[in-house]
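See below for the structure under consideration.
FYI, it's all coordinate maths here, none of it is from the lab. Quick caveat, the model's predicted, so the values are computed rather than measured. All Cβ positions, glycine included, derive from the backbone under ideal geometry; neighbour counts span all protein chains shown.
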Amino acid sequence: MFVVVLGVPDSEGGPGVLQGASCSQSLPIDRSLGRDAYHIHILDLTNAPLIGTIGAAPFTGRLFMLKRPLVDRRKFLASSAGAMGAAFFGGGPLDALTNQIAQTQSRTWDAGQVRHLLPTVSESRILLKVSFEQALSAAPSLRIGASSFPGRMNDTGGRFWQFYVTDLDAGATHSLSLVAANGSSLCEPWTLSTFPPADARPDRFRLLFFTCAGGPEGTYTGIGQRRGNLPTAIRNRLLRRGLSFNPNAAVANGDHIYWDLHQWSGQLTGGLSARARISNFEFSGSVFGTSNETALMLAAGPQIVPVYGTDFRSTPVFFLQDDHDHWENDAAGAFPIAWFQLQLARATQQLYYPEFLPDANRPFGLPWSSSSDRGDLSESFGTIRYGSLAEVLLYDVRRTMTLGPSAVFVDSNVEEWLLARTTAPGVRHVVHAPSNPFGWSAGKWGEWYPDVLDSAAATLTTAVPKPYWQDGWLRQHDRLVDAMSGMRARTPLIVSGDLHAIGAGTMHRSGTLDIAANPVTTVLSGPVGTAPGGFPSVVRGVGSSPSSHLDLDQTVPPIEQHGFTLVDFLPDRIVLSLFRWDVNSQPIEAIDSLEPFYTTELSTR
Ligand SMILES: [Fe+2]
C-alpha cells in the first residue's frame, strides 16, 4: 500500500520509526536534504522493503493517510468508517504534521481536545465551529463569563460541534471556555472580541484577506522543490505570518478544498475524476449518516484542519465558498451545481467553518439564508460591519448564478442588497468581497468577463465567443461597478478571491461606463496553497490579463506566487499591504519575516 509519512531527522540519534495504524517499522531516511529540510515522504510499502534504503539519519514519522485503499472504498467506508476515522482523526497525525514542519511557535495556549476551531462574530453574536480529537457523547458547552451555552452537534458522530451565542455586549472582549458535559475543560480559555456597535467610531480596523488555501497535502523538500499544493504546514505558516500583524478579522475567500468530482477538460470532460473514484461517493445518497459523511471528512478535513488548527481562535473569520468548495471546477456544465455536490458544499461548511451571522442591513430572506435550530445563518452572503468605519460585503456567486436571457451571478435580491449598501450613508468605507475576481480574466468560463483563451495566439481574446458564457453576468458587473463609482465620497474597493495571483489595479472604464471620476480599485488578495499547475499561466499557458471590457491601470500586475493582503481602514484612508512569498526562490524561514512588497494608500475625500 502507499502511505504518507512525515517528519524530520531525529536529533537525538534514536532509531528511525515509521508509525502507522497497524505498523511500526524502522525506516532510515534521506538526510541529504539537510538537517532543517521539511519533508513529507510518500512510500510504497507494497513491495518495497520496510527497512530503509535512504540515508542513515534517524527519523521519526507517522502514517496519516492511506493513499490507495486496498479494498473497495465504499465497502471499506461502510464497514470500517470507525476504524478509518480512528486512524485518521484519533491519532493526532495532523497535529504531528503541524508540530514537526511548521514554524516553532509559542506553546502558551493548550488546545486540549480541540482539533480545530474557527470563530466568527458580529457586534452581538458569536458562532464557533469546533472539532474535537474524540467524539463526545454528550453536548459540550461554551462558557462566556458566567453564562453557559450548550453546543449543537453538526455531524452524526459527535466529533463536530457548533456554539451559537446571541445578545452579547458589542465591542467587548469576551472570555471563552469549552467544557465537556462532565465539567472538565476541553481546552484552555481564550478571548474573542465582538465588533463595535454600528454607530461606534473606531479609529482603525485591520482585515486579512486571502484565497485558495485548499488542496490535498503536497510535498516540499527545499527551495523550488515541491509537488502539488503547498504542504498544509507551510500554508499554516503563511497564515500565521498574516495573523502576526494582529488583524481584527480575516476573510478566507473561496477554494478551501480541492476535490473536484468530475473531469473539467480534455476528452473525458464530465466523467468522474480520479478523486471521485477514490472517494466512491454515493451520489444519490444523503451526505450525513452514510459513508458519504466519512468520505467527505477524509477528503476535506486534511485540507482545512491543519491549515487553521486553533490559530484563529481569537480572530473572527469569514469564509466565502467558490467553485471548488462545491466539489467541482469552474467549467461550463458544472454550474449551476448538481444537487449532491451542493449538499457536499453545505455539509463542508456546516462541519468546518462558520456561516455568516445576520446583519441589520442585510435582508433575512436572501438565498441560502435561514433560521433554524442552528441559528440565523447565511451560507453565501455576509457582512463585516465594524462600527461606522467599514462595511465589507461578502458574496458567493456560485450558488445563485443563472443561465439564459436573464442570467445573473447573484440573485436580484442580493443585487438589491449590494446596491443599497454600496450607496447607503453612515459608513465611511464600503468594500466588495466577491468570490469572483473583478479586473482580470484567466479565461475561465464562470467569470464576469467574456475573455477566452486563443490557444494559437497564446493570449486571451474577446474576438471569439466564450462558449456558454452569459453576458447577463457582465451587465450585473457593470451595475455594481457603476454604484461603487457613484459614491463620490468614498474610494471604491474590491478585494476578491478565486484567482491564483496577487495583484492590484484601478478600473477607469467598464464597457461603456466611464468611471474615471471615481475609479474602482480592485485587488487580487493572494493564494495560500496553490499547486504549480494551479497558476493560470500553467493551466492555460497564459497569465491573468485585464479584461478587454475594462480600462485597467495595473499597479501590481498579477504575480503568480503565494501571499495575502492586509487592508487597514482608517477614518480618512484605506491602506493596502500586499504580501508575497516565492516558493521557488525563498526559504521557508522567509515566511516568518515577510513584509509587504507593495503598499498604497487610498485617500477618501
Ligand atoms: Fe475558485
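Among T232, T565, T269, rank each residue by its count of other Cβ atoms within 10 Å, from fewest to most, as a rough exposure measure.
By the 10 Å Cβ count, ascending, the order reads T269, T565, T232.
So what are the radius of gyration and Dmax for the Cα set of region 124-193, in Å?
When restricted to the Cα atoms of region 124-193, Rg and Dmax are 11.8, 35 Å.
How large is the charge dipole for region 468-605, taken about the Cα centre, if only the Cβ atoms of Lys, Arg (+1) and Asp, Glu (-1) carry charge, to the nearest 20 debye?
Computed about the Cα centre, the dipole is about 420 debye.
Could I have the simple spin-label model distance between N413 and A274, label points 7 Å from Cα toward Cβ, reported in nm to one decimal?
Computed distance between label sites N413 and A274 equals 4.3 nm.
Modelling each spin label as a point 7 Å along the Cα-to-Cβ direction, I'd like the D592/S372 distance in nm, to one decimal.
About 4.4 nm separates the two model spin labels.
Just want the ordering: F597, F281, from fewest to most Cβ atoms lying within 10 Å of their own Cβ.
Exposure proxy ranking, most exposed first: F597, F281.
What's the FRET efficiency of V538 with V464 using the Cβ-Cβ distance as r and R₀ = 25 Å, to the nearest 0.05?
0.65
Rank S124, A181, M153 by how far each Cα sits towards the positive end of the charge dipole of region 124-193 (+1 on Lys, Arg Cβ; -1 on Asp, Glu Cβ) and give me just the farthest.
Working it through, the farthest residue towards the positive pole turns out to be M153.
Between A489 and N246, what length comes free when the chain is fully extended (0.36 nm per residue of separation minus the Cα-Cα distance, one decimal in nm)?
Length gained, A489 through N246: 84.6 nm.
From a point 7 Å beyond the Cα of D553 in the direction of its Cβ, which residues of region 490-513 have a backbone N at a distance under 18 Å?
Answer for region 490-513: 490-494, 503-511, 513.
Going by how many other Cβ atoms sit within 10 Å of their own, how do Y220, Y468, Y598 line up, fewest first?
Y468, Y598, Y220
Per residue, how big is the convex hull of region 218-360 when only Cα atoms are used? Give it in Å³.
149
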